[in-house]
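Presented below is the structure to which this report refers.
The values are calculated or read from the model by the stated rules, or taken from the named source; none is laboratory data. This is a predicted model, so every value here is computed, not measured. Cβ sites come from the backbone with ideal geometry, for glycine too, and all protein chains shown count toward neighbours. Protein only, heavy atoms only, side chains kept; ligands, DNA and RNA dropped before computing areas. Shrake-Rupley method; radii C 1.70, N 1.55, O 1.52, S 1.80 Å.
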Amino acid sequence: MLKITNLTATVDDGAKIILNGLSLTVPKGEVHAIMGPNGAGKSTLSYVLTGRDGYDVTDGTVTLNGEDLLEMEPEERAAKGLFLSFQYPLEIPGVPTLTFLRTAMNAQLKARGEGPISAPDFMKKARAIGKQLKMTPEMLRRPLNVGFSGGEKKRMEIFQMMMLEPSFLVMDETDSGLDVDALRIVADGVNALRSPDRGMLIITHYQRLLDYIVPDAVHVLSGGQIKASGGADLAKTLEKEGYDAYV
Amino acid sequence: MFDVVTHLPHRGLEEWKWSDLKSTVEAQKPDDLSQPMQVDIAARDGLTVTHTEPTDGLDAMTNMAAILSSGTLTVRVPDDVRHEQPLKLTDLRSGNAQIVIEIGKDASLSVEEHHSADAGFVNLDVRYIVREGASLTRSVVTQDGADVIRHVRASVTLWADATFKQTQLTFGSALTRLETRVACMGKVSVEMSGAYLLSDKRHADITNYIDFATPGSTVRDAVAGVVTDKARGVFQGKFNVRRPAQQTDAVMRHDALMLSDTAKINAKPELEIYADDVLCEHGNTIGQLDEQAMFYMRQRGIPKAQARALLIEAFVVARLGEDEAMVALVRDWLDGQS
Ligand SMILES: Nc1ncnc2c1ncn2[C@@H]1O[C@H](COP(=O)(O)OP(=O)(O)O)[C@@H](O)[C@H]1O
Ligand SMILES: [Mg+2]
């Protein structure tokens, strides 16, 4: 379970408040969507959850399965099972995708006190998931994300997510840059990961993705706070009426 | 007695403004400054070794190598002989030496100059003559102690259709200067790469001068630098393209990462072009590790030190090349930093 209470975060040494007393609980096994206008603080929330530098948490708490996330380094949070699918995935020149991913996987296993995955097991898994996501072997051989289109990068995020099998995943505008076919492939992957042990937070600006991944709850984020919450149909209302009522 | 110190190059000279050899020698007082270096090169099939007259030259460093050595050694590969096994010049660690290596027409040789010294002064002057159609592959690694002063000057003369490939990796010392002077005397092909990785108060200088006398040569020169602590990296690169050297295609790059605020990098890439139909470029960047990439890697679970090492390794390998032994040395250095 992810539990965010009264989270307040600033940038520029406190000069600018971006998250302003945000509270939200995502129980195990549930998929929640966060929707909101541009500049609402959606990506900021994803970065504060994962521990990126440059944001100061001035108030509030965040726990994942009862453990204080805010005290942990980004890599410790990852080892606890927190995964962020970035709105803008990075290119890492010179580091082949599978080398990168295997390093990440083994680092997480090590942090959890487990032994590394064997090379054949890793390759077998990579091939199976790559096939499911319709990725070419060539894409997996290239340096991570280098020369990829926006949509390919998003698919690569989902590939990593399915390989790492996180216990809580945050997806930041994973749908942007995807055409309808890619959207369906990605949604199938995400749906396959739905399980009673796994929570998901899906950040999106449009409700399009939510036609494929039906959420248990929808929240409206605006001005750094959750302004409204509801069921899956709230997304449809927002699509029709926009965010004007919440800004 | 010939007073060597007064002749040493110093920061008052344009080519030495960032690598003050004289004051480093004055501070370190190496006792082998005027000594000859012990060099043994064994003759083998298709390779002769003779003692020849020394050649003096450009400045005090070459003159010292010529005068203070125990005689110039000349290695010759006859025409058409292509060597599979490299010639190893390893662990030249004290004093002055001059070596001439001549590769005959359509012959080939690779030379490994891998050195590590604990202390002292090393001045090595190597003159390569690569005849028509011949090829030279040169790999240089220096892993010296912090007090070593090392100067290596390779003067490479390339005749028509020669190829020259060079890879250099240095971890610096009190002062290390790896200077390569290439004269392109015909249409030739040159690929040079290099890297310096420096910690503590180490200093390394990679200086590459390439002179184009004739049309049609292709040159690629890429140097990567990584400096941390109070180390200092120096890159000087120059293409001198003379009027007849039309259709020269030459690119020079220096890219460096500064991992601490107290480290220093000085870089001077220069083009001097007198021909009008050429494609010459130079580029120079000095930056920090990409913090966004660092965060991305850490978000996937890779610990900070490992993420740094992976990014730095990728940065260096992209420029230095993928020679396995060199990559392993880069990794060892990175392991020692975390
Ligand atoms: N590091 C930062 N420095 C200054 N302002 C920032 C920083 N990060 C985000 N912001 C600002 O905070 C607000 C919320 O940004 P963001 O979280 O990216 O919104 P969303 O993802 O909802 O579009 C925007 O006004 C943005 O300009
Ligand atoms: Mg955003």
Of the residues in segment A:149-184, those that are more than 16 Å from ligand 2 (Cβ to nearest atom) and within 14 Å of chain B (Cβ to nearest Cβ) number 13
Of (1) in contact with an Asp or Glu (Cβ under 7 Å, 6 or more places away or on another chain); (2) within 14 Å of B:Gly216 (Cβ to Cβ); (3) open to solvent by 60 Å² or more (accessible area, probe 1.4 Å), B:Pro244 fails just (1)
* **Qualifying residue in segment A:39-50 (condition: crowded, with 21+ Cβ neighbours inside 10 Å and farther than 30 Å from A:Glu152 by Cβ)** => no
Condition set touching a Gly at 6+ places or on another chain (Cβ under 9 Å) and assigned to a helix (DSSP H, G or I), scope segment A:111-148, selection nearest to the other protein chains (Cβ to nearest Cβ): answer is A:Ala111
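Take segment A:15-74 and flag every residue that is polar (S, T, N, Q) and either away from ligand 1 (no atom under 16 Å from the Cβ) or part of a loop (DSSP other than H, G, I, E, B) (or both).
Residues of segment A:15-74 that are polar (S, T, N, Q), as a first pass: A:20, A:23, A:25, A:38, A:43-44, A:46, A:50, A:58, A:61, A:63, A:65.
Passing the criteria: A:Ser23, A:Thr25, A:Asn38, A:Thr61, A:Thr63, A:Asn65.
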Checked pairs for segment A:14-25, first without any contact (Cβ under 8 Å) to a residue 24 or more places away in the chain, second surrounded by 14 or more Cβ atoms within 10 Å (Cβ to Cβ) and not small (Gly, Ala, Ser), C-beta under 8 Å and 6 or more apart or across chains, list as A:Lys16/A:Thr10
Of the residues in segment B:302-319 that are within 15 Å of B:Arg331 (Cβ to Cβ) and more than 7 Å from chain A (Cβ to nearest Cβ), the one that is surrounded by the fewest Cβ atoms within 10 Å (Cβ to Cβ) is B:Ala305
Residue hits (segment B:321-330; modelled with pLDDT of 95 or more and either at the interface with chain A (Cβ under 7 Å from one of its Cβ atoms) or surrounded by 14 or more Cβ atoms within 10 Å (Cβ to Cβ) (or both)) are B:Met326, B:Val327, B:Leu329, B:Val330
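Does A:Val31 fit the bill of being farther than 18 Å from B:Lys304 by Cβ, open to solvent by 10 Å² or more (accessible area, probe 1.4 Å) and away from chain B (no Cβ under 14 Å)? I'd like the intermediate steps shown before the answer.
Numbers: farther than 18 Å from B:Lys304 by Cβ: yes; open to solvent by 10 Å² or more (accessible area, probe 1.4 Å): no; away from chain B (no Cβ under 14 Å): yes.
The answer is no for A:Val31.
Test B:Asp277 against the criterion of being more than 10 Å from every other protein chain (Cβ to nearest Cβ), assigned to a loop (DSSP other than H, G, I, E, B) and among the charged types (D, E, K, R), and give yes or no. Step through it out loud before you land on a result.
Working: more than 10 Å from every other protein chain (Cβ to nearest Cβ): yes; assigned to a loop (DSSP other than H, G, I, E, B): yes; among the charged types (D, E, K, R): yes.
In short, yes.
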The number of residues in segment A:52-79 that are under 21 Å from A:Asp197 (Cα atoms) and more than 7 Å from chain B (Cβ to nearest Cβ) is 10
Contact list, first residue from segment A:172-197 and of a type in the set (S, T, N, Q), second anywhere and part of a strand (DSSP E or B), beta-carbon distance below 9 Å, six or more apart or interchain, is A:Thr174/A:Ser85; A:Thr174/A:Ile202; A:Thr174/A:Ile203; A:Thr174/A:Thr204; A:Ser176/A:Thr204
Per the list (1) within 14 Å of another protein chain (Cβ to nearest Cβ); (2) in contact (Cβ under 8 Å) with a residue 60 or more places away in the chain, residue check on B:Trp333 breaks on (1)
Scanning segment A:85-110 for residues that are free of Cβ contacts under 8 Å to residues at least 40 places away in the same chain, at the interface with chain B (Cβ under 10 Å from one of its Cβ atoms) and closer than 18 Å to A:Ile129 by Cβ gives A:Thr99, A:Thr103, A:Asn106, A:Leu109
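Against the condition under 16 Å from A:Met200 (Cβ atoms) and within 13 Å of ligand 2 (Cβ to nearest atom), how does A:Lys80 come out, does it pass?
Working: under 16 Å from A:Met200 (Cβ atoms): yes; within 13 Å of ligand 2 (Cβ to nearest atom): no.
It is false that A:Lys80 is under 16 Å from A:Met200 (Cβ atoms) and within 13 Å of ligand 2 (Cβ to nearest atom).
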Here the residues within segment A:38-69 that are over 14 Å from the mean Cα position of the chain (by Cα) and within 13 Å of ligand 2 (Cβ to nearest atom) are A:Asn38, A:Gly39, A:Ala40, A:Gly41
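Condition check ((1) open to solvent by less than 40 Å² (accessible area, probe 1.4 Å); (2) under 20 Å from the mean Cα position of the chain (by Cα)) across all residues:
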residue	(1), (2)
B:Asp3	no, no
B:Pro9	yes, yes
B:Glu15	no, yes
B:Ser19	yes, yes
B:Thr24	yes, yes
B:Pro30	yes, no
B:Val39	yes, yes
B:Gly46	yes, no
The condition from (1) more than 14 Å from chain B (Cβ to nearest Cβ); (2) surrounded by 23 or more Cβ atoms within 10 Å (Cβ to Cβ) that A:Leu82 misses is numbered (1)
Of the residues in segment B:200-220, those that are farther than 10 Å from B:Ala245 by Cβ, open to solvent by 10 Å² or more (accessible area, probe 1.4 Å) and more than 13 Å from the chain's Cα centre (by Cα) come to B:Asp200, B:Lys201, B:Arg202, B:His203, B:Thr218, B:Arg220
Reported set for segment A:200-247 where residues are touching a Phe, Trp or Tyr at 6+ places or on another chain (Cβ under 8 Å) and closer than 18 Å to A:Glu30 by Cβ is A:Met200, A:Leu201, A:Val220, A:Ala228
